[in-house]
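Coordinate-derived values only; no laboratory data. None of these values were measured; they are calculated from a predicted model. We place every Cβ from the backbone using ideal geometry, glycine too, and count neighbours over all the protein chains shown.
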Amino acid sequence: MPHAARHLCLAAPIILIVPLNACSDGGHYRVLLPRASEIGHASPSKTPAQTVPPRPADVALLAQLSSLEAQAQAGQAAFVQQRAKMAAKVLAARSAPMLSEAWVDAQQALSALEAARGPTLIARGTLDSLAIHTIDTGSPGAQEIESTQKRVAALADEQDSVLQNVAGNLSQSETGSR
């Protein structure tokens, strides 16, 4: 390659960049941060927003919420009953080798405990669906649904904690028996 052609190839990128610099506006760039009205710090209107008090739930929704809470409580009662039945089995499995009869009995009791909480989880899911429907349609009863959701969620969370504890005890027996 001739000497002049090589210099032209090296200078080509510089020659192409210089005209692009003429297109810039001298460093006055648009700020890409959200505007105050987009993040909720300022209202586009000068008038204060009027809050509409939430409408109370109708009788049918209250009956449905009561039924769902009763379903969750029934699941909790079944869970507590199964928990009492499995306590001795888990204790026996802690000192038993993996796949022994005691270990299998404890695993079956754990499965029964998980199944017993089914009504609580179904009630929780139904309440979540009701909450979404209420928000989407603007239907009354959002406060009542939320308070029922919190009570049912507390039951389900307590059950989760118990299951994690029991599963942890069984996994410790697995590692200890090897």
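Under a point spin-label approximation (7 Å from Cα along Cα-to-Cβ), what is the residue 38-residue 70 distance to one decimal in nm?
Taking the two extended label points, one gets 5.1 nm.
Let me have the relative contact order for the stretch 59-176, percent, based on Cα pairs under 8 Å that are six or more residues apart. Intermediate results must be reported in sequence, preceding the final value.
On the way: 115 pairs, mean separation 42.6, N = 118.
For the stretch 59-176, the relative contact order is 36 percent.
Okay, which of the stretch 117-140 sit inside 20 Å, backbone N to the point 7 Å along the Cα-Cβ direction of residue 81?
Zone members listed by number: 117-124.
Considering only the other residues whose Cβ falls under 14 Å of the Cβ of residue 116, what net charge follows from Lys and Arg at +1 and Asp and Glu at -1?
Overall, the nearby charge balance is 0.
How much length is gained if the chain between residue 59 and residue 99 is pulled fully straight, taking 0.36 nm per residue apart and subtracting their Cα-Cα distance, in nm to one decimal? Spell out each step's value before the answer.
Numbers: separation 40, 0.36 × 40 = 14.40 nm, distance 5.31 nm.
Length gained, residue 59 through residue 99: 9.1 nm.
Ranked from highest to lowest mean number of other Cβ atoms within 10 Å per residue, what is the order of the peptides 152-162, 134-144? Please report the intermediate quantities before stating the final value.
Values: 152-162: 16.0, 134-144: 13.9.
Ranked from most to least packed, the peptides come out as 152-162, 134-144.
Sort 122, 145 so the one with the fewest other Cβ atoms within 10 Å of its own Cβ comes first. Before the final figure, lay out the partial values.
Values: 122 14, 145 24.
So the residues, fewest neighbours to most, are 122, 145.
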